[in-house]
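Reviewing the structure listed below.
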Amino acid sequence: MPRFSVIIPIYNKEKDIETTIKSVLNQTYSDYEIILIDDGSTDASFKKASDIKDDRIQIFKKQNEGVSKTRNYGIAKATAKHIVFLDADDYWYPNHLETLHHLIKKFPKEAWYAAAYEKRFHSNFKSPMNSPILVKGKEWSGKIDNYFKYSLIDSLAWTSAVCMKKDFLLALNGFDVLITHGAGEDTDLWIRAALKSSLIFSNNITATHNLDGSNRISNTPTLKRTYMDVDNYENDSKKNSYLKKYLDLNRYSFAIQHKISNDNDSFKKYVEKLNVRNLNSKQRLLLRLPTICLRLLLNLKNKMEQVGYRLSSF
């Protein structure tokens with residue numbers, strides 16, 4: 001039985017999938033299996049993935065059902081006790097699995113683990129994740145006392161840098177298949193996991209979140225996506241002020257996305273349920289701006305990233 005099962009869902013990623021798979025094959029820690037699931041791709045993704053030969057690779061093909069069902073399919077096929085995920089346009093540095101392996105050895109009884117990551121906006125601009133935990137230095141690793149406290153800008157957990165014990169994942173019922181097109185499938189699982197168990201985290205950056213990847217599901221039009229229901233965790237937030245702020249920041253994000261898409265009814269529903277005291281002055285201002293101004297600012301943000309500046313409402 002391998003130490004890790006690496007689950008890679010694929011949907012129309014012919015431009016990226018080879019780089020992604022090779023980043024796994026280049027790991028310094030080699031005790032793993034790779035489970036590739038083609039989710040009904042209509043391009044050459046399946047062929048390109050199939051052309052890479054390694055005894056540790058298994059490849060499956062199924063009809064298109066979305067990323068949550070595809071990841072859950074991979075979890076069911078996994079034989080290892082520890083599950084790691086990698087999106088088909090992201091990639092790892094060679095020490096990623098070795099870093100997770102050391103975390104598991106140090107904290108064997110814990111349920112889930114993660115390493116720090118960077119965001120790649122385009123070929124000439126990368127930026128480390130933004131979390132106060134990083135002030136502890138890149139060599140720090142340990143148990144996170146309050147997941148939400150350290151996830152108010154960039155979440156500590158990110159799909160391509162997380163490891164979860166399979167039995168823990170199954171107890172959580174995996175990814176919620178009712179959430180679609182990158183509208184909070186991951187965030188919803190991290191909330192459920194954090195409410196059950198402390199995250200073990202390494203400040204060592206070992207993975208790259210490729211925001212410049214091809215056919216990204218997060219680029220799906222807002223009105224075609226089914227968003228996570230943050231209200232599901234409102235009762236839990238009464239005992240955790242950081243969770244309440246985390247939920248309100250997600251409401252803020254969803255509200256802005258719907259306002260830009262001219263869905264004012266949804267915008268109002270998100271805004272009326274959030275506590276504006278959990279937002280900073282910049283975020284409060286953005287909520288009040290007309291749609292045309294938000295679109296102009298979004299375009300400016302994208303242009304600034306192209307020249308190496310990361311703008312955000314934080």
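None of the figures in this text is laboratory data; all of them are computed from the coordinates on show. Nothing here was measured: the structure is a model prediction, and the numbers come from that model. Heads up, the Cβs are rebuilt from the backbone with ideal geometry, glycines too, and the neighbour counts pull from every protein chain shown.
Okay, here's what the table says:
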read-out	value
Residue 289 paired with residue 52, simple spin-label distance in nm, labels 7 Å along Cα-to-beta-carbon	3.9 nm
Rounded FRET efficiency, nearest 0.05, which uses the C-beta distance separating residue 302 from residue 264 and R0 of 25 Å	0.60
For the chain, share of DSSP beta bridges that run antiparallel, in % to the nearest 5	35 percent
Ordering of 135-142, 117-124 by burial proxy (mean other Cβ atoms within 10 Å per residue, highest first)	117-124, 135-142
Cα-centre dipole for the chain with unit charges at Cβ (Lys and Arg positive, Asp and Glu negative), debye to 20	920 debye
Net length gained if the chain between residue 136 and residue 106 were fully extended (0.36 nm per residue, minus Cα distance)	9.0 nm
The range 132-206 - percent relative contact order, Cα under 8 Å, separation 6 or more	57 percent
Protection proxy ranking of 166-173, 4-11, 232-239 - average other beta-carbon atoms within 10 Å, highest first	4-11, 166-173, 232-239
Estimated Rh, the chain: Kirkwood, alpha-carbon pairs, angstrom	20.2 Å
Reachable aspartates and glutamates, given that their alpha-carbon falls under 18 Å from the alpha-carbon of residue 15 and they are not under 8 places away in the same chain	38, 39, 43, 51, 87, 89, 90, 212
Angstrom value of the Kirkwood radius, inverse mean 1/r, which spans all Cα pairs in the range 229-306	13.2 Å
Protection proxy ranking of 22-28, 295-301 - average other beta-carbon atoms within 10 Å, highest first	22-28, 295-301
Estimated 222 nm signal from helices in the chain, with DSSP H stretches of n ≥ 4 weighted -39500 (n - 2.57), rounded to 500	-10500 deg cm²/dmol
Pair residue 277, residue 122: separation of 7 Å Cα→Cβ label points (nm)	4.2 nm
Distance violations [Cα-Cα > 26 Å] among 22/166; 105/166; 47/77	none
The range 229-306, relative contact order in percent, only Cα pairs under 8 angstrom and at least six apart counted	25 percent
Taking the chain and dividing mean pair separation by its residue count, relative contact order in percent (alpha carbons under 8 Å, at least six apart)	18 percent
Amide hydrogen neighbours beyond the local backbone of residue 85, cut-off 5 Å, H modeled	7, 162
Total lysine pairs whose alpha carbons fall under 22 Å of each other in the range 229-306 (8 or more apart, or interchain)	23
Computed lengthening from residue 77 to residue 15, 0.36 nm per intervening residue step minus Cα-Cα distance	19.7 nm
